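I have placed the structure first, in the form of C-alpha cells, so that the comments after it can refer back to it.
Read the figures in this text as sums done on the coordinates, not as results from a lab. Because the structure is predicted, anything quoted here is derived from the model rather than measured. Positions of Cβ are backbone-derived with ideal geometry, glycine not excepted, and every protein chain shown enters the neighbour counts.
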Amino acid sequence: MRKFFINNIRWMIILFLVPYHAAQAFNTWGELNYIVFEPDRILSSIIVFLSPFYMPIMFLLAGMSARYSLVKRSYGQFVLERIKRLLIPFVFGTLFFCPVMAYIGDKTNMGYDGEFFGHYKIFFTKWTDLSGFDGGFGVGQFWFLYFLFIISLVGVGITVLINRVIKDKKAKGEIPFFVICLLVIPFPFLYDLLSVGGKSFAEYLYVFLLGYYIFSNDSMIEKAEKYRRLTFLIGLIAGILDVYMFIWSEKDYGAINTIAKAFTEWFMILALIGIGKKRFEFHGKISGYLSSRSFLFFSIHFVWVVLFQYWFFDLLGNNKLLLYFVPVAAAYFATFICSEICMRIPVLRFLMGVKK
C-alpha cells in the first residue's frame, strides 16, 4: 500500500526551504552566508528550532522509501536509480547553480569586483569548507544529494551484509514505545562524527537506517501516530529550551544545549511521522502536483533566494521586514516558473533527476 503521507511531508518541508534559507542571512551567531544582513533574533530562533530535525526527517523518509523501493527492485536497479536521481542532479546542480551563489558570496563577503564568468576560475580552484560563502567551491543545498547518495549505498551494503548473516525480516511491532524514545541516546555522540562541512554522515546514516529498519514497519508508524501529541510536546519543549540557550541566553550551556538539540531532533521526527500519518495520508491534484515538482523546487529555490536578496538589498535598504518577505515571495514565484520550464524540457528533466 502506498503511503502518501511520506510524499506530503517531503514536499511540505521542501516548500518551507525558501523562508528557512532566507532567514539564514539574518543569523546571530556570526556564520557566513552568501549574503549577510543585520542579525535578527526572531528569524535566528526559527532556524535554530527547525534545524535539528528539518533535514534529518528527510533522511528518515528516504530510509523508509528505500525499504519500500527494494521490495520491487534489485540492489543493482536501486543503485542505478540512485545514480540517476541523486548523483547526476548533484553534479549538474553543483556546476550550474552553485557558481552563481558563490559569485555573490565572494562579492558580498570577500569584496570580489570581477566579472561573473571570470569567477569560475576562483570557484574551481579555491577550496575551503564546501559552503561557497567565501566564493570558493561549494555545493549549496546539493550537499543533501551527495550525502543521501553515499548513505543509500552504505545502507544497501549494510542490508546485503545483514542478509548474508541472518534472514532479513521486518520488525514485528513488538518494540515498545519507550524503546523507540531511547533511540535518542546516540544523537549527541554523532553530531561531530564523520563531519563534512559541519554536517555529520554518522548522524544522517543513523536516521536513514532507523527509517529503513524501524519506520518502514506499519506497527511503528502506528505507534508514532498514537503518541504524536506526547512526542510533539516533548520536542516542542526541548526545541524552546534549545533556542533559549543558543540564541537568547548569554551563558554557554555546552552539553545541556546539545542534549536539548538531540531531544528536539528525535521527538519532532517522531511527532511529524505520527502527525503525517494522521493528517496527511491523502492524495489529490494539488498534493500530486506539489509532490511531482518538489525535487525541482529543491534544486532551484536557493539560487533565487540568494539572487533576490542581493538584488533587493540596495532597493529595500535596512528594512528587515521587507528585506525578508519580498525576496521570499519573489523566490517562490521564480522557482515555480523555472520548475515548470524544466519539467517540459526532457534534457533538463534528466539532468535534474526528475521523472516525466
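Observations on the model:
- This ranking places SER74, SER216 by how few other beta-carbon atoms lie within 10 Å of each, fewest first, which gives SER74, SER216.
- The label point for LEU321 and the one for SER287, both projected 7 Å from the Cα toward the Cβ, are 3.6 nm apart.
- Fewest-first sequence of LEU270, LEU322, LEU86 by Cβ atoms within 10 Å of each Cβ: LEU322, LEU86, LEU270
- Annotation: amide H of TYR34 has no partner in the under-5 Å range at sequence separation 5 or more or interchain, hydrogens built in the peptide plane.
- Angle in degrees between helix 228-243 and the longest Cα principal axis of the chain, rounded to the nearest 10: 40 degrees
- Distance between the C-alpha centres of region 139-155 and region 172-231: 18 Å, rounded to the whole angstrom.
- The equivalent ellipsoid of region 1-136 has semi-axes of 33, 23, 10 Å, largest first, where each one is the square root of 5 times an eigenvalue of the Cα gyration tensor.
- FRET efficiency, LYS278 to ILE185 (Cβ-Cβ, R0 30 Å, nearest 0.05): 0.65
- Fraction of alpha-carbon pairs over 22 Å apart in region 86-220 - percent: 54 percent
- Helical contribution to [θ] at 222 nm, DSSP H n ≥ 4, -39,500 (n - 2.57), averaged over the chain, rounded to 500: -22000 deg cm²/dmol
- Stokes-Einstein D for region 208-279, Kirkwood Rh over Cα pairs, 25 °C, 0.890 mPa s (µm²/s): 190 µm²/s
- Residue order, fewest to most surrounding Cβ atoms within 10 angstrom, among VAL184, VAL306, VAL160: VAL160, VAL184, VAL306
- Cα convex hull of region 225-324, projected area averaged across orientations, nm²: 9.7 nm²
- Added length on full extension, which subtracts the Cα-Cα distance from 0.36 nm per residue, SER249 to LYS199: 15.5 nm
- Sparse-neighbourhood loop sites, GluC sites (Glu not before Pro) in region 151-248 - DSSP loop, at most 16 other Cβ within 10 angstrom: GLU174
- Environment charge at GLU222 (Cβ cut-off 11 Å; Lys +1, Arg +1, Asp -1, Glu -1): +3
- Contact order for the chain, expressed relative to its length and based on alpha carbon pairs under 8 Å spaced 6+ residues apart, stands at 26 percent.
- From phi via Karplus (6.51, -1.76, 1.60), per-residue ³J(HN,Hα) for region 40-51 in Hz, x at Gly/Pro: 9, 5, 5, 5, 5, 5, 4, 4, 5, 5, 7, 4
- ARG164 versus ASP218: modelled label distance in nm, points set 7 Å from Cα along the beta carbon direction: 3.3 nm
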